[in-house]
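Structure first, then comments.
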Amino acid sequence: MSLPRTPDFRLDNRRALVTGGSRGIGFAAAVALARAGAEVWIVARNAAQLREATDAAAQEDLRLHPVTLDITDTHQVRETLAGLPAFDVLVNSAGLARHQPFLEVSEEDYDAVMALNLRATFFLSQQVARRMKESSIAGSVIHISSQMGHVGGPARSVYCASKFALEGLTKTMALELGDAGIRVNTLCPTFIATELSRTNLADPAFRSYVLDNIKLGRLGTIEDVMGPVVFLASPAAALITGSALMVDGGWTAT
C-alpha cells in the first residue's frame, strides 16, 4: 500500500501581495510568506514605515518589495497594480477601527472604516483576482477579518458591520472564482497584542472583558497569525475556499 503524500506548505516561486504590510499582522504575514519561499510585496501609505519594515526583514536576509499606495484610491490602485506582476497570493490586512457606542457614531467615522475595511478591499481584490484569472493562476486570496465578523462587540457597530460584510464578500468571491481555481478565505483573529491595540488593552476593565472571553486565557500575538496565513496560502489548503479560519482562542465557541 502506498502512503498518502503530505501536502506542501512551501511557497517557492510564488508571488504574494500584502496590504497593510508595514506593521502588525500584515508585517507578520509578509515575513511568514517570505520565510516560506514567496516573493513578497508589501503595501502601505507611509513610506517611512515601509522602509523600516523592509530594513527589519533584510536583517534576516528576507527581501520585501515596498509599495507606497493608498488603497482607498481606486484609480491609484489600478495604476500601481498594472505596473506589478500577477500575484499567486493576496493578503488583505489593511484595516481601520474606530470604536464608539452605536448612538455616537458619526458619518465621518462610518465612512472612513467602511472605505478601508470593505470598499478598498473589494476593489483591490477585484484587480488582483482579475489578473490571477487572466494569467491562469490558481491563487489564494486571504482577507484578514476578525472574530467580530462572527459576533457582536460593545462599541464596535461599524467595525463589526465591515467585517460581517467581508465574510459575505468572501463567500461570493469563492463561488464566482472557484472555476478558475482561485480560493478565497478569511482569517479571523481575536484581540492581538499590537501597537495599535495597546491603548485599549491598557484599560483593566476592557482587558478583563477580553481575557474572560478568550477560552485559552491569553491575548493573541502576531505570531499566532503567521502559521494560518501560510497554511491558507499554500497547497496544503487546496480544497479550502469560502471558509473562515478562526484564530480566536475559543471566543466564538460559545
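The values are calculated or read from the model by the stated rules, or taken from the named source; none is laboratory data. Remember, it's a predicted structure, so these values are computed and weren't measured experimentally. As a convention, Cβ positions derive from the backbone with ideal geometry for all residues, glycine included, and neighbour counts pool all protein chains shown.
Among the residues of segment 38-60, is any of a type in the set (Asp, Glu), buried (at least 18 other Cβ atoms within 10 Å of the Cβ) and modelled with pLDDT of 95 or more?
Within segment 38-60 (the criterion being of a type in the set (Asp, Glu), buried (at least 18 other Cβ atoms within 10 Å of the Cβ) and modelled with pLDDT of 95 or more), the answer is yes, since at least one residue qualifies.
As an exercise: evaluate Ser208 against (1) in contact with a helix residue (DSSP H, G or I) (Cβ under 8 Å, 6 or more places away or on another chain); (2) surrounded by fewer than 15 Cβ atoms within 10 Å (Cβ to Cβ); (3) not in a loop (DSSP other than H, G, I, E, B) and give the number of the one condition it does not meet.
Failed condition: (1).
Identify, by number, the condition in (1) without any contact (Cβ under 8 Å) to a residue 60 or more places away in the chain; (2) assigned to a loop (DSSP other than H, G, I, E, B) that Ala97 doesn't meet.
(1)
Quick test for you: out of Lys171, Lys215, pick the one residue that is at pLDDT 95 or above, of a type in the set (Lys, Arg) and assigned to a helix (DSSP H, G or I).
The conditions single out Lys171.
Within the set of pairs 6 or more residues apart or between chains, which connect a residue that is within 11 Å of Gly139 (Cα to Cα) inside segment 167-190 to a residue that is β-branched (Val, Ile, Thr) and assigned to a loop (DSSP other than H, G, I, E, B) with Cβ atoms less than 7 Å apart?
Here the result reads Gly178/Thr241; Arg183/Ile240; Arg183/Thr241; Val184/Thr241, each pair linking segment 167-190 to a residue that is β-branched (Val, Ile, Thr) and assigned to a loop (DSSP other than H, G, I, E, B).
Looking at segment 72-89, can you tell me whether even one residue there is crowded, with 19+ Cβ neighbours inside 10 Å, in contact with a Ser or Thr (Cβ under 7 Å, 6 or more places away or on another chain) and part of a strand (DSSP E or B)?
yes
Return the residues of segment 100-121 that are in a loop (DSSP other than H, G, I, E, B), in contact with a helix residue (DSSP H, G or I) (Cβ under 9 Å, 6 or more places away or on another chain) and not hydrophobic (A, V, I, L, M, F, W, C); say none if nothing qualifies.
If the condition is that a residue be in a loop (DSSP other than H, G, I, E, B), in contact with a helix residue (DSSP H, G or I) (Cβ under 9 Å, 6 or more places away or on another chain) and not hydrophobic (A, V, I, L, M, F, W, C), then Pro101 is the only one that fits.
Could you say which residue among Gly217, Gly249 is loosely packed, with under 13 Cβ neighbours inside 10 Å and either touching a residue at least 24 places away in the same chain (Cβ under 8 Å) or closer than 22 Å to Val31 by Cβ (or both)?
Gly217
Sort out which residues of segment 130-159 are closer than 25 Å to Gly178 by Cα and of a type in the set (S, T, N, Q), and write them in order of number.
Answer for segment 130-159, where residues must be closer than 25 Å to Gly178 by Cα and of a type in the set (S, T, N, Q): Ser135, Ser136, Ser140, Ser145, Ser146, Gln147.
Just one of the numbered conditions (1) crowded, with 21+ Cβ neighbours inside 10 Å; (2) free of Cβ contacts under 8 Å to residues at least 12 places away in the same chain is not true of Gln147; which one?
Of (1) crowded, with 21+ Cβ neighbours inside 10 Å; (2) free of Cβ contacts under 8 Å to residues at least 12 places away in the same chain, only one is false for Gln147: (2).
Looking at segment 41-62, can you tell me whether even one residue there is among the charged types (D, E, K, R) and under 22 Å from Ile137 (Cβ atoms)?
no
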